Structure formats: C-alpha cells, structure tokens
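K.L.:
Shown below is the structure under consideration.
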Amino acid sequence: MQVDKIIAEAVAKGVNALYGADVQADKIQVQATRKEFEGNLTVVVFPFLKASRKSPEATATELGEWLVANEPAVEKFNVAKGFLNITIDPAYWAQVLRHIAAEERWGIKPVTEQSELYMVEYSSPNTNKPLHLGHVRNNLLGYSLARILDANGHKVVKTNIVNDRGIHICKSMLAWQKWGNGATPESTGKKGDHLIGDFYVAFDKHYRQELREIMNREGISEDEAAAKSPLMAEAREMLRRWETGDPEVRELWKTMNSWVYAGFDETYKRLGVDFDKIYYESDTYLEGKELVLKGLEEGKMYRKEDGSVWADLTGDGLDHKLLLRSDGTSVYMTQDIGTAKLRFRDFPIDKMVYVVGNEQNYHFQVLSLLLDRLGFKWGKDLVHFSYGMVELPEGKMKSREGTVVDADDLMDEMVRTAAEAAEGRFDSMTPEEAADTARMVGLGALKYFLLKVDPKKNMLFNPKESIDFNGNTGPFLQYTHARICSLLRKAGMENFADLLAAQPAQAPAPAEKAVALIQRLGDFPQIVEEAGRNFSPALIANYCYDLAKLYNQFYHDCPILREENEAVKMQRLLLSAVVARTLREATALLGMEMPERM
C-alpha cells in the first residue's frame, strides 16, 4: 500500500472522469509536499491542461474536488499555482501502517526464475600486498550494490578477479627466497597477506639501493641503471620460468599465494563481504589471447609489422588499442576479455557490473566495445560502477609502509575509536557483549560513512567524525535502533506477531509526527527501486538517516509507554517496531549490523 501510487491511480481516474482523457498512473507526478505548504502529497497538474482546456488553478481545483468526493484516502486539498496539494485522511495512515507492518519484507522484491542475472565484480586485489583503504571502499560499494540489486528482485552473482600473476608477484617471491629465511605466517605470527606485502616492500628497498649503487658507480641515469639491475633481471627470469610452467617456481607461487588468500579471507570475513565465484588472472590471460587471435582471423582486429595485435576503435570515437604485445604476451585488456569469456561460460549473464575506480573509465569504455565486437550480448551494456578516491586527514593512521592505509589497521582503529567514544555506555554488558557491540559500531561507522557519499565523488574519511552518536552517522542509526529495542523490551512487546495481534480493531488516527514517519516508511520500496536503478547505496544510507531523524522527533513529541490511551500506545509501539525493522532491512543493504543494546 504505497499512498503515492494510490493517489496516482485515483488522479488517473479523475482526469478520465472530468476530461475524458486516458492517463497512465505511472506517468503522473506525485511527490511529497514541500514543508512550507499544507498537505502530504503534491500532484503536478500541468500535463492535464491540454485535456482540461482550463487554467492550472482551475484544473487543480476541479481535480481536488473530485478526489475528495471519490477517493476515501483524501481528506482535503489546496491549490498553489499548478500544484495540487493533497492531505490524506489521518485515519487512513493507520491502515497504511497496518499494511506495512503485515508485509514481512516491506520494500524487498522476491527473486524468481524469470529474474535477470546481474554479475557484480568487486575487490580485485593483487596477491603481493594486503588490502588497503581503497579496497575497503571498493568492497563495501560492491557488496552493498549486490545486496541492493538482490532487493530489487534480480539474481546476483558476486565475483572477484584476483591479480595473481605478473612481475609484481615475482618480486615478492624473489625477496622471500633471498631474505625470507623460510618465514611463514605460522613462524612469524603474521597474516599471510601482510607477510607477503613485507617482502614486496623488501624487494623495492633492495632494488632502490641497487639502483643508487649502479648510478653512483657508473655515472648513469636511473633508467639506464634499471636496465642493468641484476635484481630486476632475476625477477623477470622468474616470471619467464613461471610462464613456462617451471615446477619449482610454480610450487613457490602456489604456497605464497595460499598464505595471501588465507589473509584476504580473514579480512573479507571481518569486513562482512563475500563472493559467489572467484576468478584468477592466471587462468584467464590465455583465454583472452585465444579470443583476440580468433577476432584477428575474423578481421575484427589487425596485426602490425612488429607482430603486435590491435583493435581500431576510431569509428567509435576512440583510438587504436593494443591487445597483444609483439612477443605475444597479454595486456590487462586481454585478460579482462578472457575473464569475460569464462564468466559468460559459467553464468547466463544479463548485465555485468564492474566496481572499479574512476581512473579506469577509459579502460571500460574500450572493454565494452571489444566485448560487443567479440559477441558477448551484455558487452555494449556493461556497467562500469565508477567511484572516486577516498583519503584520510593528513597524518592519521599511516600504515606500516607509510604510504597507504592497511584495511586491517583501519578496522582495528575504528573498533578502538568506537569503544572510546562509547565509554560508559556499555557498562551494563558483559566484556564479550561490549567488545562485540564496539565491533558493530566501529565497522558500522566505517561502512555508513563510506557509503553515504555519492560514489562518483572523491571523499575524505574522518574516523572520529564517523563515530559521532549524533548527526548523519552509522552510530546514530544504530543508537536509534537500540533505543527502539529497549522500548519494546520494557513494553514486553519484542515479538512482532504479538504486537500486530495486540492492535485494536478500530485504530486511532495517528498524530502529526507519526503520520510523517508512516509516510516516510511508505517511501522505502521506491527508495530501494531508485537505488537499484541508479546503482547508488548513498540513496539507501541517506534514507536511513532521514527515517531515524523522523523517529527521534516522534519519540520526543509523542509519549509511548506513558501514553494512557491503550489503543494509541499499541499503535505507537507498532510504529516503533516497524521503524526498527525497516532500519535493519535498509542498513543490511549497506552491510551494517544493528545492535539491540547500546
């Protein structure tokens, strides 16, 4: 029971009855009335003037009178120029609340056999270093988007492509051979991804030292020294051996990658994200090469004199794109084509969504054209979910490398900050409950702060600001939810079914602040649809804030447990419970957990 849709259908009937015009209800503009005007909903009447042949004011007045006479939900109306402001009968809002409460998953569409399949790719880490702050935003955006698409009734496959091959991987492997002394995650007590990351840093440290020595000794430039570097030559030789399947190199590669994957899994689990299918570039790069060569045979690509293979995209307003180097090796674009082939083989994809930073905008323009050219039906319509950079205030939480912020360090700091900010709030809890609540609050603050911003924008993440229990933050939403849970416990109405059963047959008309809250609850299905259509977790986040803010105003102005009228009391308890349930449902789309005590 979405009131805006009921009004739209009634307006369509009214326009037909008054002016003989057929108007589709879903084309009628119905929106929340602006605060400076009286009413709940506003209808734009300008599209009906051709049929009415009257002024906007006269048309709105006639339509308003028809609605009052023929639609039980409409109590009264007023006209402001070409806008018809409608006030819904207060008693009708009680029916709306009962309807929303009776819907077990209000606003969430079920997935059916006929649902389209969306594949969402996110994370895409390298196996030579731990996940960092940029990965955190990527993972949270990708996971949230997958949840939102699922809530819109789509089948969703969450996927990850791991960059597990190349010279950068060999650098870590070579460093471990030279300076590792047999170190393992078990022997060092370090997570595997951190351990391998340390060796990647060690390689770079020794390489830089070697370059300085060559430059000083021979009096040459850095580029010339790089060409003479024995260390880099060893790394390249290791890559060559890997590509030819050398058993010793492959075995070391498998062992070290297994350490990294175990570390990644721990970070993913803590962050609350997961995947349905993981692909590895070591499996896909040859597949891409095969497709490109097939495209070459079919005249879709061309070969230059040096043997390299290119695609001419000038007809699409772009340039010429390298796909295979002169030595036959693949570039990143070729690997993405190979990954697409395997995914299309594994799943009947209708829409492919890549969650990748905005520095790769051009890459995905090209990929879309190439996939379409190579016959992937979703290629031309692929979605590059492009997002901006995220940074921290200067000097905060520098990682052990001093350049990027490690994801594990960031989560540790968020939980610590939450525990400090909530000092005294958790005193009634056991130490285990307090620690778990601090975890939920800290990670909830992180997720909400990163997701409430339009993903296209660059952003500054301030950990302490994100933990604030007031304002547009995750902890404010969590505190509102916990407040409602406490209220329901005190009323002995924690069971939703019991609360529904306790509602009086003749429900009272809700108070003004309750009406505003019910109306906003009614918007949730539309918000979920819009977030899915626009690929925007920020719409869900800011809806949650608006709902929590409205609830706190209602809680302040309308007594609940102290209310003497039992029917009004039970209605307000039901409204509170529906708000808590909607907050849980909505924040789950952001990957957040909602504590029941704070």
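K.L.:
Output yes when any residue across the range 438-448 is charged (D, E, K, R) and surrounded by fewer than 20 Cβ atoms within 10 Å (Cβ to Cβ), and no when none is.
P.N.:
yes
K.L.:
Within the range 205-223, track down each residue that is under 30 Å from A183 (Cβ atoms) and open to solvent by less than 60 Å² (accessible area, probe 1.4 Å).
P.N.:
First, the residues of the range 205-223 that are under 30 Å from A183 (Cβ atoms): 205-214.
Listed by number, the residues that qualify are Y207, E210, L211, I214.
K.L.:
If we scan the range 177-186, do we find a residue that is touching a Leu at 6+ places or on another chain (Cβ under 6 Å) and over 30 Å from Y354 (Cα atoms)?
P.N.:
Yes, some residue in the range 177-186 is touching a Leu at 6+ places or on another chain (Cβ under 6 Å) and over 30 Å from Y354 (Cα atoms).
K.L.:
Additional query: Can you say whether L286 is of a type in the set (A, V, I, L, M, F, W, C) and open to solvent by less than 80 Å² (accessible area, probe 1.4 Å), as far as the supplied structure shows?
P.N.:
no
Condition check ((1) more than 22 Å from the chain's Cα centre (by Cα); (2) closer than 26 Å to G471 by Cβ) across all residues:
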position: A482; (1), (2): yes, yes
position: R489; (1), (2): yes, no
position: V515; (1), (2): yes, yes
position: G532; (1), (2): no, no
position: N542; (1), (2): no, yes
position: Y545; (1), (2): no, yes
position: A580; (1), (2): no, yes
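K.L.:
Among A202, A233, A226, which is open to solvent by less than 40 Å² (accessible area, probe 1.4 Å) and without any contact (Cβ under 8 Å) to a residue 24 or more places away in the chain? I'd like the intermediate steps shown before the answer.
P.N.:
On the way: A202 fails: without any contact (Cβ under 8 Å) to a residue 24 or more places away in the chain; A233 fails: open to solvent by less than 40 Å² (accessible area, probe 1.4 Å).
Exactly one residue qualifies, and that residue is A226.
K.L.:
Can you tell which of K178, K190 is surrounded by 15 or more Cβ atoms within 10 Å (Cβ to Cβ), over 14 Å from N128 (Cβ atoms) and out of contact with any Gly (no Cβ under 6 Å at 6 or more places or on another chain)? Break it down into steps so the answer makes sense when it comes.
P.N.:
On the way: K178 fails: surrounded by 15 or more Cβ atoms within 10 Å (Cβ to Cβ).
None of the other options fit; the residue is K190.
K.L.:
For the range 19-39, which residues satisfy the criterion of being touching a residue at least 40 places away in the same chain (Cβ under 8 Å) and touching a helix residue (DSSP H, G or I) at 6+ places or on another chain (Cβ under 6 Å)? Spell out how you get there, then give the answer.
P.N.:
Quick first cut of the range 19-39, residues touching a residue at least 40 places away in the same chain (Cβ under 8 Å) only: 32-33, 37-39.
Scanning the range 19-39 gives no hits.
K.L.:
Report the residue count in the range 355-378 for those that are touching a strand residue (DSSP E or B) at 6+ places or on another chain (Cβ under 7 Å) and open to solvent by less than 20 Å² (accessible area, probe 1.4 Å). Working first, answer last.
P.N.:
Keep residues of the range 355-378 that are touching a strand residue (DSSP E or B) at 6+ places or on another chain (Cβ under 7 Å), which gives 355-358, 361, 364, 366, 370, 378.
Adding the requirement that they be open to solvent by less than 20 Å² (accessible area, probe 1.4 Å) leaves 355, 357, 364, 366, 370, 378.
So the count comes out to 6.
K.L.:
Kindly indicate whether K294 is in a helix (DSSP H, G or I) and not hydrophobic (A, V, I, L, M, F, W, C). Please lay out each step first, then the result.
P.N.:
Numbers: in a helix (DSSP H, G or I): yes; not hydrophobic (A, V, I, L, M, F, W, C): yes.
Taking the combined requirement at face value, the residue satisfies it.
K.L.:
Among the residues of the range 1-12, how many are more than 33 Å from the chain's Cα centre (by Cα) and either open to solvent by less than 70 Å² (accessible area, probe 1.4 Å) or polar (S, T, N, Q) (or both)? Before you say what the answer is, go through the steps one by one.
P.N.:
Kept after step one, since they are more than 33 Å from the chain's Cα centre (by Cα), are these residues of the range 1-12: 9-12.
From the residues that got through so far, the ones that are either open to solvent by less than 70 Å² (accessible area, probe 1.4 Å) or polar (S, T, N, Q) (or both) too are 10-12.
Number satisfying all stated conditions: 3.
K.L.:
Whether any residue in the range 13-20 is surrounded by 19 or more Cβ atoms within 10 Å (Cβ to Cβ) and within 28 Å of L517 (Cβ to Cβ) is what I want to check.
P.N.:
Within the range 13-20, not a single residue is surrounded by 19 or more Cβ atoms within 10 Å (Cβ to Cβ) and within 28 Å of L517 (Cβ to Cβ).
K.L.:
When the residues of the range 571-598 are filtered to those that are open to solvent by 10 Å² or more (accessible area, probe 1.4 Å) and not in a helix (DSSP H, G or I), which remaining residue is modelled with the lowest pLDDT?
P.N.:
M598
K.L.:
Can V79 be described as modelled with pLDDT of 95 or more and either open to solvent by 40 Å² or more (accessible area, probe 1.4 Å) or of a type in the set (S, T, N, Q) (or both)? Please lay out each step first, then the result.
P.N.:
Details: modelled with pLDDT of 95 or more: yes; either open to solvent by 40 Å² or more (accessible area, probe 1.4 Å) or of a type in the set (S, T, N, Q) (or both): yes.
Taking the combined requirement at face value, the residue satisfies it.
K.L.:
Still on this model: Can you tell me which residue in the range 321-354 is most open to solvent (accessible area, probe 1.4 Å), limited to those that are in a strand (DSSP E or B) and touching a Ser or Thr at 6+ places or on another chain (Cβ under 7 Å)? Give the derivation first.
P.N.:
Taking the range 321-354 first, the residues in a strand (DSSP E or B) are 321-324, 330, 351-354.
When the remaining residues are screened for being touching a Ser or Thr at 6+ places or on another chain (Cβ under 7 Å), the result is 322-324.
Numbers: L322: 49, L323: 0, L324: 6 Å².
Among those that are in a strand (DSSP E or B) and touching a Ser or Thr at 6+ places or on another chain (Cβ under 7 Å), it is L322.
The values are calculated or read from the model by the stated rules, or taken from the named source; none is laboratory data. Small disclaimer: the values here were computed from a predicted structure and weren't measured. Glycine also receives a Cβ, built like all others from the backbone with ideal geometry; neighbour counts cover every protein chain displayed. These accessible areas exclude ligands, DNA and RNA; they are computed on the full protein's heavy atoms, side chains included. Shrake-Rupley method; radii C 1.70, N 1.55, O 1.52, S 1.80 Å.
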